[in-house]
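S.K.: One structure coming up, written as structure tokens, with questions to follow.
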Amino acid sequence: MKRLILYEEVSLMKEIGFYQDRFVDINEKVVPIQERGHQFGDGIYEVIRVYNGELFTFDEHIDRLQMSAEAIDLEIPYSHEKIHSIVTEGLELSGIKEAEVYIQITRGIFNRQHHYPDGPAVFSMTIRHARKIEATARDKGIDTVVLDDERWLNCYIKSINLLPNVMAKQAAVKAGCTEAILHRDGIVTEGSSSNVFIVKKGILYTHPATKRILNGITRQKVIELANQQGIYVEEIQFDLHMLLEADEVFMTSTSMEVMPVKKIDNIEFTGEREITNKLISEFQKLLS
């Protein structure tokens, strides 16, 4: 009987979407050709993780969504509370307990011109199964490559215009790696879709939350956890030499959580990962 109930629960799960005030099938064709997100990448987004049916750091993500909206002169069409209601209803309809909620807001539908129109923005959302992190992957760590950071100068805005990030990720994949570590003139910024941390002599370093990086929600949580555990944190710029001479390196993101780096280009990191493993353990406690 127990197996039958579990099977029924799984069979009811479905990935769904939301567009212009209605829930839609995930494969339904709903975006018009004149949509500015489609034509210009004129919009913003957030990805929120759901663990065992519970939204994780929802408020922090929506606060950052609002910040991104204000930075590009975009008015979010729903209140914080309304977005929470839509997401919650979507999760109930999907039946997915381990999910990634993707929220996107664009400037909407208008004749193609570079300057943008006045009018309401368009809110869309998808709810999908979360990408599973295998325990062996975290135990082993990931391989990375170092690339020039060729993105625009306002990386703190979570824009849907992600072509440079896409190209960096693709270069990493072509090199047989999971992620790219980016730098501007030798100063390490972040990954193509993650933040970078290093450990040197017991001190945790990461690039400060300037316009040059996205201030990741997981990044913020890891810094909080480090402070709680008495691990000294320096939010300062550091160069490639310091990166490659680090005792430990790890990356953070909503999808990867806290992920050790095993290799950067041809340099392997074979230390004990004492601080990295401590922060992984503390982060996992937040999810239980």
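S.K.: Here are some residues: Arg273, Arg219, Arg184, Arg212. Which one is farther than 28 Å from Arg131 by Cα, surrounded by 13 or more Cβ atoms within 10 Å (Cβ to Cβ) and either modelled with pLDDT under 95 or not assigned by TED's automatic domain parsing to the domain that holds Val47 (or both)?
M.R.: Arg184
S.K.: Something else: Working only within region 122-141, note down all residues that are small (Gly, Ala, Ser), crowded, with 16+ Cβ neighbours inside 10 Å and under 24 Å from Val50 (Cβ atoms).
M.R.: Scanning region 122-141 gives Ser124, Ala130.
S.K.: Could you list all residues from region 142-161 that are within 18 Å of the chain's Cα centre (by Cα) and either surrounded by 15 or more Cβ atoms within 10 Å (Cβ to Cβ) or assigned by TED's automatic domain parsing to the domain that holds Gly37 (or both)?
M.R.: Result: Ile142, Thr144, Asp149, Arg151, Cys155, Tyr156, Ile157, Lys158, Ser159, Ile160, Asn161.
S.K.: Kindly indicate the residue of region 193-206 that is crowded, with 24+ Cβ neighbours inside 10 Å and not β-branched (Val, Ile, Thr) and also farthest from Ala246 (Cα to Cα) among those meeting that condition.
M.R.: Ser194
S.K.: Another question, then. From (1) under 15 Å from Thr189 (Cβ atoms); (2) in contact (Cβ under 8 Å) with a residue 60 or more places away in the chain; (3) exposed (fewer than 14 other Cβ atoms within 10 Å of the Cβ), pick out the condition that doesn't hold for Ile236.
M.R.: Of the numbered conditions (1) under 15 Å from Thr189 (Cβ atoms); (2) in contact (Cβ under 8 Å) with a residue 60 or more places away in the chain; (3) exposed (fewer than 14 other Cβ atoms within 10 Å of the Cβ), the odd one out for Ile236 is (2).
S.K.: Which numbered condition in (1) in a helix (DSSP H, G or I); (2) within 19 Å of Arg138 (Cα to Cα) is the only one that Ala180 fails?
M.R.: (1)
S.K.: While we're here: Would you list the strands (runs of 3 or more DSSP E) that sit entirely within region 187-268 and hold 1 or more residues that are within 22 Å of the chain's Cα centre (by Cα), within 29 Å of Ser68 (Cβ to Cβ) and among the aromatic types (Phe, Trp, Tyr)?
M.R.: In region 187-268, 195-200, 203-206, 248-253 are the strands (runs of 3 or more DSSP E) which contain 1 or more residues that are within 22 Å of the chain's Cα centre (by Cα), within 29 Å of Ser68 (Cβ to Cβ) and among the aromatic types (Phe, Trp, Tyr).
S.K.: With the structure loaded, tell me whether Lys169 is of a type in the set (D, E, K, R), on the phi < 0 side of the Ramachandran plot and part of a loop (DSSP other than H, G, I, E, B) or whether it fails that test.
M.R.: no
S.K.: Collect the residues in region 81-108 that are among the charged types (D, E, K, R) and either over 22 Å from Ser255 (Cβ atoms) or crowded, with 18+ Cβ neighbours inside 10 Å (or both), keeping them in residue-number order.
M.R.: Glu81, Lys82, Glu89, Glu92, Glu100, Arg107, listed by residue number.
S.K.: When region 139-160 is examined, which residues are found to be among the acidic types (Asp, Glu), in a strand (DSSP E or B) and more than 23 Å from Asp185 (Cβ to Cβ)?
M.R.: Result: Asp143, single match.
The values are calculated or read from the model by the stated rules, or taken from the named source; none is laboratory data. Owing to the predicted nature of the structure, the values given are computational and were not obtained by experimental measurement. Cβ coordinates were reconstructed from backbone atoms using ideal geometry, including for glycine residues, and neighbour counts include every protein chain displayed.
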